[in-house]
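This report concerns only the one structure given below.
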Amino acid sequence: MPCAVFIDRGHSMSRAWERSRKCHRPRGDPVKAWNRIASAVLLAVVSPAAFVPSPASAAPAAADVRVDVDVRAGLATVGDTALGLNHAIWDKELGTPAVSGLLKDAGVGMLRYPGGSYADIYHWRDHTAPGGYVAPDTDFDTFMAGARATGAEPMIIANYGTGTAQEAADWVRYANVTKDYDATYWTIGNENYGNGHYGSAWEADEHADKSPKEYASTVVAYASAMKAVDPTIKIGAVLTMPGNWPDGIVGSGDQGTWNQEVLTRAGSVIDFVDVHWYPGGTTAAETLGKPAQIQDAVHLLRQQIDRYAGRDVAISMTETNVEVGRNTQPGALFLADVYSGLLAQGVFTVQWWNVHNGLGTVSEVAGQTDYGDYGLLSSGNCNDSVCQPPLNTPFAPYHALDLMGDFARTGDRFIGAGSDNGLVSAHAVHRANGDVAVLMVNKDPDAAHTVSLNYHGFTAAAGTPEVSTFTNGADGVTSAPAGTAGSQTLAPYSITLVTVRSGRTPAIAPKAPARPTATATDRTATITWPAVADGLKYEVYRQNGGAAELLGETTGTSLTARNLEPGRRYTVNVVARDGAGRTSPASPPLTFTTGTPADAACTVTFRDVNDWGNGYVGSLDITNNTASAVGGWTLTFSWPTGWQELSSGWNATWTQSGRTVRVTGDGSLAPGATTNVGFVGSYSGPNVLPAVFTLNGTVCTSR
């Protein structure tokens, strides 16, 4: 039942406590959770403005942001390892009851050990890391005790840099045979592309050959030895996230990029890939714009997995963080946006770096002291002039993770959500009980925004929804009924979770169709799915932000969508509807890309000739397939993203306007003739290559 905590100075502490008990449903250890509530109540008594209810009679502000939510646009389902964190052997608080309680309260479902680059110098048997610091009481058994107290699945990093396959196999035996820990997830090494092969060296690697070919060969050996001990474990290999260094770079002596080499040679033996994402940014605003790259980055990574491994391999994101505002509101907003975005795209775990890290460069961000600490919790240490808050004090990103634990629960299904304002991002899940939860991130540091919420395929119940909010400078998440299902006001620099009850009586609806398949041409796609039951109608929806577009409906199990755009990426779902109008959940999403005409009047062959991580040389061969000369020709294409641009070009006149690039030739193109033009392009995110080219307005065949 919706409720809020109100503190009246005339009320005793016991009455305030009783009210708080009725309004909170804490996760984790109830004693720790109630202690946290009591602390919040004490803060409210000292500062009654901490809990200010919205006046019931106040007129809602005019909406300046539109958010759409569509249950027919089904995305990924939340697993029990979704919310993750990194633990490190230099952290003396690893596994302590205080830390395990805080992580359990936040809903953490996976913990990674022994800590980033330390993994490649760590020897589990004698608990040493030559060249690094190991804190007391941080050995594997202590970690496992803490993981179990948290209720989290372990992810273990086997030492690739200075270890052996036998050492890793012995660790599996100790963990799963001797101790019966049932540790399923094992990654081979950490950021091993940072071993000097591409010029930068921070990762320990004693192999004489530091190429991706050697890493892949060793992964195969590790996987064989480790699975010989326990065939049920899952093995992960280190890749680089598209758009992050050294993505796109082909090292000396290599046949392809790091990802291409590793997936081609080891893709048959791994169960998941392990990527990190530190997108950078010199300002908070730039950093908070980076989550917009997630969908393209994950799509490119899946393309690489499909092309080079040739099989379904899961994706884990085991490290992410920010450079600006790590302990303050930018870090919190980034965490909520990135965890939501990656989980919606089917990444099975997202893990913040890390639990404790220590004092860095101190600054002021958004009016709050930022300690430059990568940790979620304070280490309580000092420099010459500044001390952190007391040990284990949660920083702002912890509260964002806590709110994520309320939002993305095991079994929830992410659904389409979209905002028409770049400063407000929106994510949504459909719960098993029919409710919808919407998470909104206001990245505007100065202004509140009033949001109009619009639901598709869902009827909201009447009444005031429960709203949880984390605002800039707050000591935690506050919850109270507020606004309506259709209208919410977001405080500046805030995260807001709105849980909306379903207004429909639960009924037995058809089961969700299985994932469809598609056969596409340049303008059409035939989408096919298995039948669910007799007598059903099927509706096919194209995802389009938060409001899906109906492509068509049929009583059969196949539908051809027409009038599609060449070279365009489409994501579709199928929904079943029975004779009473009851609809099924959406099928798993299918993403496909239309092609270009097979017999066009022109052909363009595009090649990425040389890539250096944030730019590349592109080569275009343009062929006239007609029997007539093409004079005064202009080739046109568009960059697929907003973070790509033209730097220079040759053998023609090159111009760019917005995302559109025009290439104008100086002469005519004879029948059957080919001309070559080239350019230098730059990018600051995943480099989605252009795929559609038009010559004097005619779409060419692309190769």
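Read the figures in this text as sums done on the coordinates, not as results from a lab. Because the structure is a prediction, the values reported are computed rather than measured. Neighbour counts run over all protein chains shown; Cβ positions are idealised from the backbone, glycine included.
Along the charge dipole of region 384-476, Cβ charges K/R +1 and D/E -1, which of Gly416, Phe470, Ser452 sits furthest on the positive end?
Gly416
For Arg431 and Asp666, calculate 0.36 nm times their separation in residues minus their Cα-Cα distance, and state this gained length in nm to one decimal. Don't skip to the answer; put the middle values down first.
On the way: separation 235, 0.36 × 235 = 84.60 nm, distance 6.00 nm.
Full extension of this stretch gives 78.6 nm more.
Considering only Tyr113, Ser268, Gln166, whose Cα is most displaced toward the positive end of the charge dipole of the chain, charges sitting on Cβ of Lys, Arg (+1) and Asp, Glu (-1)?
In the chain, that residue is Ser268.
Place a point 7 Å from Cα of Asp254 in the direction of its Cβ. Which residues in region 290-331 have their backbone N less than 16 Å from it?
301, 304-305, 308-309
Please list, in order, the residues from region 147-187 whose amide nitrogen is less than 14 Å from a point placed 7 Å along the Cα→Cβ vector of Ser217.
Nothing falls inside the zone, counting backbone N under 14 Å.
Using only helices, what value at 222 nm comes out for the chain when you add -39,500 (n - 2.57) per DSSP H run of length 4 or more and divide by the total residues, to the nearest 500 deg cm²/dmol? Write down the numbers at each step before the final one.
On the way: 11 runs with 129 residues, N = 703.
Calculated at 222 nm, the ellipticity per residue is -5500 deg cm²/dmol.
I'd like the FRET efficiency for Val617 and Val177, computed as 1/(1 + (r/R0)^6) with the beta carbon distance as r and R0 of 41 Å, rounded to 0.05. Working shown, then result.
Working: r = 53 Å, r/R0 = 1.29.
The value I calculate is 0.20.
Rounded if a/c is under 1.5, else prolate if a/b beats b/c, else oblate: with a ≥ b ≥ c from the C-alpha gyration tensor eigenvalues square-rooted, which is region 578-688?
Working: a/c = 2.88, a/b = 1.58, b/c = 1.82.
Taking the square roots of the gyration eigenvalues as a ≥ b ≥ c, region 578-688 is oblate.
Which value in nm describes the separation of the simple spin-label points at Asp209 and Ser682, placed 7 Å from the Cα toward the beta carbon?
It is 3.8 nm.
How long are the three semi-axes of the equivalent ellipsoid of region 85-188, in whole Å, if each is the root of 5 times an eigenvalue of the C-alpha gyration tensor, listed from largest down? Don't skip to the end; give the middle numbers.
Numbers: eigenvalues 89, 49, 25 Å².
Each semi-axis is the square root of five times an eigenvalue, giving 21, 16, 11 Å.
Need one number: the % of Cα-Cα pairs in the chain sitting beyond the 33 Å mark. Before the final figure, lay out each step's value.
Values: 133523 of 246753 pairs.
Summing the P(r) of the chain above 33 Å gives 54 percent of all pairs.
Between region 407-463 and region 110-134, what is the separation of their alpha carbon centroids in Å?
40 Å
Taking 0.36 nm per residue of separation and subtracting the Cα-Cα distance, what length does fully extending Thr591 through Glu549 add?
Values: separation 42, 0.36 × 42 = 15.12 nm, distance 1.47 nm.
Value of the extension gain: 13.7 nm.
For region 517-593, state the semi-axes of the equivalent ellipsoid (square roots of 5 times the eigenvalues of the alpha-carbon gyration tensor), sorted largest first and rounded to whole angstrom. Numbers along the way, then the final one.
Numbers: eigenvalues 96, 35, 19 Å².
Those come to 22, 13, 10 Å.
If r is the Cβ-Cβ distance from Thr282 to Arg515 and R0 is 35 Å, what FRET efficiency results, to the nearest 0.05?
Details: r = 41 Å, r/R0 = 1.17.
That gives a FRET efficiency of 0.30.
Percent relative contact order of the chain, based on C-alpha pairs within less than 8 angstrom and at least six residues apart?
12 percent
Could you rank the peptides 73-80, 275-282, 360-367 by their average count of other C-beta atoms within 10 Å per residue, with the highest value first?
Details: 73-80: 21.0, 275-282: 18.5, 360-367: 14.4.
Descending packing order for the listed peptides: 73-80, 275-282, 360-367.
Can you compute the label reach from Asp137? Point 7 Å from Cα along the Cβ direction, backbone N cut-off under 13 Å, restricted to region 372-387.
Correct set: none at all.
So, R0 is 56 Å and r is the distance between the beta-carbons of Ala447 and Ala627; what FRET efficiency does that work out to, to 0.05?
Step by step, r from the Cβ atoms, then E = 0.35.
Mind checking the alpha-carbon convex hull of region 425-487 and giving the volume per residue in Å³? List each step's numbers first, then the result.
Working: hull volume 6.4 nm³, N = 63.
About 102 Å³ per residue, rounded to a whole number.
Any idea what the dipole of region 73-206 comes to, in debye rounded to 20, about its Cα centre with Lys/Arg Cβ at +1 and Asp/Glu Cβ at -1?
Details: 7 positive and 18 negative charges, 51 e Å.
In debye, rounded to 20, region 73-206 gives about 240.
If you place +1 on the Cβ of every Lys and Arg and -1 on the Cβ of every Asp and Glu, how big does the dipole about the Cα centre of region 517-593 come out, in debye to the nearest 20? Numbers along the way, then the final one.
Values: 8 positive and 7 negative charges, 27 e Å.
Value, rounded to 20: 120 debye.
Among Leu646, Leu83, rank each residue by its count of other Cβ atoms within 10 Å, from fewest to most, as a rough exposure measure. If you can, show how the numbers build up before the last one.
Working: Leu646 17, Leu83 28.
So the ranking, lowest neighbour count to highest, is Leu646, Leu83.
Anything over 31 Å Cα to Cα? Flag those among Lys104/Lys290; Lys213/Lys443; Lys92/Lys234; Lys92/Lys213; Lys92/Lys210, in the order listed. Spell out each step's value before the answer.
Numbers: Lys104/Lys290 29 Å; Lys213/Lys443 42 Å; Lys92/Lys234 29 Å; Lys92/Lys213 37 Å; Lys92/Lys210 33 Å.
Lys213/Lys443; Lys92/Lys213; Lys92/Lys210, as the Cα separations exceed 31 Å there.
Just how large is the dipole of the chain about the Cα centre, in debye to the nearest 20, putting +1 at every Lys and Arg Cβ and -1 at every Asp and Glu Cβ? List each step's numbers first, then the result.
Working: 48 positive and 65 negative charges, 446 e Å.
Approximately 2140 debye in magnitude.
Sorted by average packing, counted as other Cβ atoms within 10 angstrom per residue and highest first, what order do 178-191, 198-211 take?
Details: 178-191: 19.9, 198-211: 15.6.
Those peptides, ordered most packed to least, come out 178-191, 198-211.
Which of Thr660, Gly631, Ser682 sits closest to the plus end of the dipole of region 527-682, meaning its Cα is farthest towards the positive end, when Lys and Arg get +1 and Asp and Glu get -1 on the C-beta?
Thr660
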